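Below is one structure, written out as structure tokens, with a few remarks after it.
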Amino acid sequence: MNLQTITSDAATLSLILLVVAGLLLLSMTRIVFLLRTNTRLRESTATMERQICTQQSEILAARRDSNAWRGEMQRVFDAFRAEFSKRLVESEQRHLDLTKRQEIMNQAAAAIVPAAAPEDESAALPPPSEADSSAAMPPVPALSLS
């Protein structure tokens, strides 16, 4: 069989035409299915991009709120720290002043006591010691939070 006899036979040509038409039909249906899938994927991609943009803006808004809150808390903390530092310095200064006053009064009392010593040695008070001066000293007032 040569090519001339194959191409002149009608049954062979119709069989070849039928095979080619079937392959063409299969390829066309495949193209249609691929186009539909491509369209669905584009729609899905567009939806996903919108969701991503929305989530990104929500994340940025939450971050801004978080940073604003953190800054506000830092300012409040700094204000409290400055206030209590000032109160601590004032309290320590009051304590030092009271201690100094107590020492001056103890020195004055010690200077007066020997000059006006009673005749009876057993009735005389011993000079105030350091433990007595700290016990007689009023306590330092606590810091109030209000």
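Please treat every number below as a calculation from the coordinates, not as lab data. Predicted model only: the values in this text are computed from it and were never measured. In this analysis, Cβ positions are derived from the backbone assuming ideal geometry, glycine residues included, and neighbour counts consider all displayed protein chains.
Spin-label pair Ile16-Leu41: with each label point 7 Å from Cα along the Cα-Cβ axis, the two points sit 3.7 nm from one another. Computed packing ranks the peptides 99-110, 49-60 as 99-110, 49-60, most packed first, by mean other Cβ atoms within 10 Å.
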